[in-house]
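Student: Submitted below is the structure of interest, expressed as structure tokens.
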Amino acid sequence: MPLAFESLSHGTIAFGFFNIESDLLLLEHYFFFASDFCEGVKEVAGVRGDEPFEYGLPGYDLDYQTIGDLHGAIAGTRLTGFIGEIYKLFPFPPRMEDFKQNPEGYRTRRIVEEIVERYGSPKEIPLRILPREESVGIGEYLFTYKGFHALVNYVWRGGYPRWKAEGPPDYVLEMARAVEDSRSAVFRNMMFES
């Protein structure tokens, strides 16, 4: 489920997976697939030192009124908007022990893309390193390096409720290796949390 994260630009914001059968992430009104986010993180990790950098993160921009009600969708009582459409196909599991992020969520991508394109516009979301400010931007949201680490760690863990027992998918493992090998100032003090 999405959690609250601190941004420099907008205070507390929501970021994370919102359905265990999809690897689509939300960042307030932006939506992008975890595999694309991990590719962007790998690109950032490849930047040496304190160089400015920008990567076009493929995603979608939805108006808040079209997103839907996450809590109502989880409960199965308010299946409105984009999130409601997803929960009609992939409802919340009846048993709490089954509430784990599916590492094969990428397999639903085509279905999820068809739905999200009915609700929002495809958009290349700028993922930027701003070395003077020691910050990372995703769209209009700015994070300290440490704040960006928190987003990366969230994906590494499989968010809340974490990955199923099989662990993270290969694209997450590749991202982690790139971060661990990085010479980018962004990841200078990055620690992966278990």
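Student: Output the Kirkwood hydrodynamic radius of the chain, Cα pairs only, in Å rounded to one decimal.
Tutor: Every distinct Cα pair counted, the radius reaches 16.9 Å.
Student: For the chain, with all protein chains present and a 1.4 Å probe, just round the carbon and sulfur fraction of the accessible area to a whole percent.
Tutor: Roughly 48 percent of what the probe reaches on the chain is carbon or sulfur.
Student: Something else about it: Tell me whether region 137-194 comes out rounded, prolate or oblate; compute the Cα gyration tensor, take square roots of the eigenvalues as a ≥ b ≥ c, and use a/c under 1.5 as the rounded threshold.
Tutor: oblate
Student: Now for a different question. Hey, what did the chain get for relative contact order, percent, Cα under 8 Å, at least 6 apart?
Tutor: Rounded, it is 29 percent for the chain.
Student: Identify, among ILE86, PRO58, VAL44, the residue whose Cα sits farthest towards the positive end of the charge dipole of region 40-107, taking +1 on the Cβ of Lys and Arg and -1 on the Cβ of Asp and Glu, with the dipole about the Cα centre.
Tutor: Working it through, the farthest residue towards the positive pole turns out to be ILE86.
Student: Could you tell me whether region 83-194 comes out rounded, prolate or oblate from its Cα gyration tensor? Rule is a ≥ b ≥ c as square roots of the eigenvalues, rounded for a/c under 1.5, then prolate if a/b exceeds b/c, otherwise oblate.
Tutor: Oblate.
Student: Between rounded, prolate and oblate, where does region 1-74 land on the alpha carbon gyration tensor, with a ≥ b ≥ c its root eigenvalues, rounded for a/c under 1.5, else prolate if a/b exceeds b/c?
Tutor: prolate
Student: Taking only protein heavy atoms into account and a 1.4 Å probe, give the accessible area per residue of the chain in Å².
Tutor: Normalised by residue count, the accessible surface of the chain is 49 Å².
Student: Any lysines with Cα under 24 Å of the LYS100 Cα? List them, leaving off those in the same chain fewer than 8 positions away.
Tutor: LYS88, LYS164
Student: Starting from a Cα-only point model with no solvent, please compute log10 I(q)/I(0) by Debye for region 31-146 at q = 0.09, 0.20, 0.21, 0.22 1/Å.
Tutor: Cα-only, vacuum Debye calculation for region 31-146: -0.33, -1.11, -1.16, -1.20.
Student: Please return the longest stretch of the chain lacking exposed loop sites, where GluC sites (Glu not before Pro) count only if DSSP places them in a loop and at most 12 other Cβ atoms lie within 10 Å.
Tutor: Between the exposed loop sites, the longest stretch runs 1-103.
Student: Report VAL152's accessible area, 1.4 Å probe, all protein chains in place, as a number in Å² to the nearest 10.
Tutor: Using a 1.4 Å probe on the heavy atoms, I get roughly 0 Å².
Student: Counting each DSSP H run of 4 or more residues in the chain as -39500 (n - 2.57), what helix-only mean residue ellipticity at 222 nm follows after dividing by all residues, to the nearest 500 deg cm²/dmol?
Tutor: Numbers: 7 runs with 66 residues, N = 194.
One gets -10000 deg cm²/dmol as the mean residue ellipticity at 222 nm.
The values are calculated or read from the model by the stated rules, or taken from the named source; none is laboratory data. Predicted, not measured: the structure shown is a model, and the values here were computed from it. Note that each Cβ is placed from the backbone with ideal geometry, even for glycine, and that neighbours are counted across all protein chains shown. What goes into the accessible areas is simple: the full protein's heavy atoms, side chains included, and nothing from ligands, DNA or RNA. Shrake-Rupley method; radii C 1.70, N 1.55, O 1.52, S 1.80 Å.
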